[in-house]
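Following: one structure in structure tokens, then a few remarks.
The values are calculated or read from the model by the stated rules, or taken from the named source; none is laboratory data. Every value quoted in this text rests on a predicted model; they were computed, and no experiment measured them. So basically every Cβ, Gly included, is an ideal-geometry build from the backbone, and we count neighbours across all protein chains shown. Remember, those area values only see protein heavy atoms, side chains included, never the ligands or the DNA or RNA. Shrake-Rupley method; radii C 1.70, N 1.55, O 1.52, S 1.80 Å.
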Amino acid sequence: RVADASGGDLVGRRVVVSAGGTREPLDPVRFLGNRSSGKQGHALAVAAAQRGARVTLVTSAPADLPGIDVVPVETALQLRDAVHAAAADCDVVVMAAAVADFRPASYAPAKIKKSHDAPADGAPDDSAPVIALVRNPDILAELVERRGGADSPVIVGFAAETGDGDGSVLEHGRAKLARKGCDVLVVNEVGEDKTFGADDNTVTILRRDSDEGVEVGPASKAVVSDAVWDVVAGLL
Ligand code: CTP
Ligand code: CA
């Protein structure tokens, strides 16, 4: 399976992988972010390249990966532009990035100070600021909407879920796969001490066209990546 002189099962394929947590700036020194390390997405990119694919990795995490075309981004809007640009004419798009659902409604071009002069009387105002948020576009949903005919790319989503009163991790995953309309959804359970920044991962790979899920792990992110590419290769 690994590419050598004779190639791997993704030779001739173009794939796009997004990775890492987006950072949504508030002012020049602050952002809203999340705990995604980007490791799973980077492992997916490396595994695809080893299997012979041409890989574009759009990532918010630092990456120095030989043989992979790395596009660094910070915000959800930048990630969106980079993914759509790279996704034209590709065979697979994997949205492993943890895209912020919301961003600050406005960006303060100067650092927000903890107290400022109240406009009326000039007395210091120490009240806490309220940060208004607006929704970011759903990039995965846009990819699904833009999907055309038979040569459309295979679209893979990721979902970090916790079980709750409304359902188990897998029930949330199945519902999300149906809602998102992508071809494959890789579901992983997150929690206080699970997954974030870890080198191992435990996932269930769900396909839209099958009731069976593939369970993988706990295993290295490299092993999880190969299991994802095994499923995707079967759909190409
Ligand atoms: N995603 C995206 N754009 C967004 C949010 C999410 O492309 N603005 C993608 C992620 O990269 C991932 C998938 O959608 O592949 C699922 O993300 P998730 O956060 O689990 O789904 P949401 O629809 O945002 O639902 P939730 O309310 O659970 O956060
Ligand atoms: Ca989300």
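If you go through the stretch 171-195 and keep only what is closer than 17 Å to Glu215 by Cα, at pLDDT below 90 and away from ligand 2 (no atom under 14 Å from the Cβ), you end up with Glu189, Lys194, Thr195.
Screening the candidates Thr56, Thr22 for the property of being crowded, with 16+ Cβ neighbours inside 10 Å, more than 16 Å from ligand 2 (Cβ to nearest atom) and either in contact (Cβ under 8 Å) with a residue 12 or more places away in the chain or among the β-branched types (Val, Ile, Thr) (or both) yields one hit, Thr56.
Candidates are the residues of the stretch 70-90 that are crowded, with 16+ Cβ neighbours inside 10 Å, free of Cβ contacts under 8 Å to residues at least 60 places away in the same chain and assigned to a loop (DSSP other than H, G, I, E, B); the one that is farthest from ligand 1 (Cβ to nearest atom) is Val73.
In the stretch 93-118, the residues that are in contact (Cβ under 8 Å) with a residue 40 or more places away in the chain and more than 29 Å from Ala19 (Cα to Cα) reach residues that are open to solvent by 30 Å² or more (accessible area, probe 1.4 Å) and more than 15 Å from ligand 1 (Cβ to nearest atom) with C-beta atoms within less than 9 angstrom, at least six apart or across chains, in these pairs: Ala110/Pro28; Ile112/Val29; Ile112/Arg30; Ile112/Pro129.
Does the stretch 60-69 contain at least one residue that is farther than 25 Å from Val223 by Cα and either open to solvent by 10 Å² or more (accessible area, probe 1.4 Å) or assigned to a strand (DSSP E or B) (or both)? Steps first, answer last, please.
Pass one, the stretch 60-69, residues farther than 25 Å from Val223 by Cα: none.
Among the residues of the stretch 60-69, not one is farther than 25 Å from Val223 by Cα and either open to solvent by 10 Å² or more (accessible area, probe 1.4 Å) or assigned to a strand (DSSP E or B) (or both), which makes the answer no.
Sort out which residues of the stretch 110-161 are among the hydrophobic types (A, V, I, L, M, F, W, C), loosely packed, with under 12 Cβ neighbours inside 10 Å and in a strand (DSSP E or B), and write them in order of number. If the condition is that a residue be among the hydrophobic types (A, V, I, L, M, F, W, C), loosely packed, with under 12 Cβ neighbours inside 10 Å and in a strand (DSSP E or B), then Val134 is the only one that fits.
Evaluation of Val93 against the conditions (1) part of a loop (DSSP other than H, G, I, E, B); (2) more than 15 Å from ligand 2 (Cβ to nearest atom) shows that the sole unmet condition is (1). Looking only at the stretch 27-53, filter to residues that are within 15 Å of Gly197 (Cβ to Cβ) and open to solvent by less than 10 Å² (accessible area, probe 1.4 Å); which one of those is farthest from ligand 1 (Cβ to nearest atom)? Among those that are within 15 Å of Gly197 (Cβ to Cβ) and open to solvent by less than 10 Å² (accessible area, probe 1.4 Å), it is Gly38. Within the stretch 113-132, identify whether any single residue is at pLDDT below 95, polar (S, T, N, Q) and under 25 Å from Leu235 (Cα atoms), and answer yes or no. No, there is no match, as no residue in the stretch 113-132 is at pLDDT below 95, polar (S, T, N, Q) and under 25 Å from Leu235 (Cα atoms).
Restricting attention to the stretch 207-233, which residues are of a type in the set (Phe, Trp, Tyr) and open to solvent by 60 Å² or more (accessible area, probe 1.4 Å)? So that I can check it myself, show each step before the final result.
Let us first name the residues in the stretch 207-233 that are of a type in the set (Phe, Trp, Tyr), namely 229.
Selection gives nothing.
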